[in-house]
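These notes concern the structure reproduced below.
The values are calculated or read from the model by the stated rules, or taken from the named source; none is laboratory data. The structure displayed is predicted, hence computed values, not measured ones. Reconstructed Cβ throughout: ideal geometry from the backbone, glycine too, with neighbour counts over all protein chains shown.
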Amino acid sequence: MASSDRTVVVTGGTSGLGYECARNLTRDPHNTVVITGRDGTRTRELAATIGARGMALDLSSRPSVGGFVAEFAAADLPPLAGLVCNAGVQFTRRTLTADGMEATFATNHLGHLGLILDLLAHFTAPARIIMVSSGTHDPEQFTGMPHPLRATARELAYPPSPTESAQRDARRRYSTSKLANLQTAYHLARELAPRDIAVNAFDPGLMPGTGLARDASAVQRFGWKTIARALVVLPGVRTPRGSGADLAWLAAAPDREGITGQYLVGRTPVRSSVASRDEAVQQALYRDSLELLAELDARADR
Ligand SMILES: NC(=O)c1ccc[n+]([C@@H]2O[C@H](COP(=O)([O-])OP(=O)(O)OC[C@H]3O[C@@H](n4cnc5c(N)ncnc54)[C@H](OP(=O)(O)O)[C@@H]3O)[C@@H](O)[C@H]2O)c1
């Protein structure tokens, strides 16, 4: 093993942005790349086609996160230097996890936070964590998505019945989860700086054609795969390949060493929404999320 050899984990590396990011990372022979997906067999097979390792991970399930961390620890890989928190879901109706938690919040936010915390002991500094967020976190951007909710973590985890159409509510929970990703990135950047673990957030831009619309109607999926793809000439519209290269750069490029606490659109650091930068709110989200994780773990132990 050369001294520069390192492992980078990309969650949700079986499709879209994560797959392209992982593909890029495998071009450097010093990178051992681990991609994750919910179906272990499919993920391992796909990983082999790009020279990566595949492991099963369902972020909506604490036992699955635990299983992944155990498999990762037993795999005897080069030092863990990067974690790309990329996996994401977007629903078109209220969806709950097996624990009865709202699934967008549980997967995109809480699942990734739990994964980071469970992997912390495995990082070798200097290391990097990237949270994939989205312009939809910002009410001042026109993204076509409902604005994020202002609510406590507990309210987001166990919400009352929708007060708007089920589809609009589900889409709002997506933009809210992307705000939570960003708030968590800022909080962890401060928390992990003394350990030389940099934490940054990334907006890949709109990437029509990825699997993100898998829960949508057949007509909507057709539009996402075909008509929307033609929009790639518009500003802010990207391809998974282009954004995957940017994300890989963020995860591994030497010129990004030690830079933390940034939000980047592509490769450009930008100012995120006012709400995302409120430190008291970031802290409250983090504290309440730890409580929710502890409750889930206690339930799983029973
Ligand atoms: N597409 C866009 O326009 C856009 C814009 C801004 C931000 N983003 C963000 O970019 C990231 C990647 O999205 P994408 O567009 O590339 O979507 P995608 O093609 O659907 O990829 C999502 C990945 O997440 C994995 N995944 C789904 N459910 C999971 C779960 N419960 N646990 C663990 N992994 C799970 C999927 O793997 P398996 O199905 O194999 O489990 C897949 O590899 C997301 O965080 C999304 O919010 C996307």
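Is it fair to say THR176 is of a type in the set (Val, Ile, Thr), modelled with pLDDT of 95 or more and over 17 Å from SER15 (Cβ atoms)?
Yes.
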Q: Quick one: ALA201 ticks every box in (1) part of a strand (DSSP E or B); (2) near the ligand (Cβ under 9 Å from one of its atoms) except a single one, so which number is it?
A: (2)
(Q) Residues to consider are LEU59, LEU77; find the one that is within 8 Å of the ligand (Cβ to nearest atom) and in a loop (DSSP other than H, G, I, E, B). (A) LEU59
Q. Counting only residues that are more than 14 Å from the ligand (Cβ to nearest atom), part of a loop (DSSP other than H, G, I, E, B) and at pLDDT 80 or above, how many does the range 218-263 have?
A. 7
Q: Select, from ASP203, ASP215, the only residue that is charged (D, E, K, R), at pLDDT 95 or above and surrounded by 15 or more Cβ atoms within 10 Å (Cβ to Cβ).
A: ASP203
Q) Which one is farthest from the ligand (Cβ to nearest atom), of the residues in the range 80-94 that are more than 25 Å from TRP249 (Cα to Cα) and crowded, with 16+ Cβ neighbours inside 10 Å? A) ARG94
Q: Tell me, yes or no, whether the range 1-13 has at least one residue that is of a type in the set (Ser, Thr, Tyr), without any contact (Cβ under 8 Å) to a residue 12 or more places away in the chain, farther than 26 Å from THR176 by Cβ and away from the ligand (no atom under 14 Å from the Cβ).
A: yes
Q) Restricting attention to the range 14-55, which residues are charged (D, E, K, R), within 13 Å of the ligand (Cβ to nearest atom) and not in a loop (DSSP other than H, G, I, E, B)? A) GLU20, ARG23, ARG42, ARG44, GLU45
Q | Tally of residues being part of a loop (DSSP other than H, G, I, E, B), surrounded by fewer than 24 Cβ atoms within 10 Å (Cβ to Cβ) and within 10 Å of the ligand (Cβ to nearest atom) across the range 127-153 | A | 2
Q: Would you mind telling me which numbered condition in (1) more than 12 Å from the ligand (Cβ to nearest atom); (2) under 23 Å from ASP288 (Cβ atoms) GLY114 fails?
A: (1)
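Right, THR97: within 15 Å of the ligand (Cβ to nearest atom) and touching a helix residue (DSSP H, G or I) at 6+ places or on another chain (Cβ under 6 Å) or not?
Details: within 15 Å of the ligand (Cβ to nearest atom): yes; touching a helix residue (DSSP H, G or I) at 6+ places or on another chain (Cβ under 6 Å): yes.
The answer is yes for THR97.
Just to be sure before I move on: is VAL69 over 18 Å from ARG173 (Cβ atoms), touching a His at 6+ places or on another chain (Cβ under 9 Å) and within 14 Å of the ligand (Cβ to nearest atom) in the structure I sent?
yes
Scanning the range 266-292 for residues that are among the hydrophobic types (A, V, I, L, M, F, W, C) and buried (at least 19 other Cβ atoms within 10 Å of the Cβ), which turns out nearest to the chain's Cα centre (by Cα)?
Per the stated criteria, the residue is LEU285.
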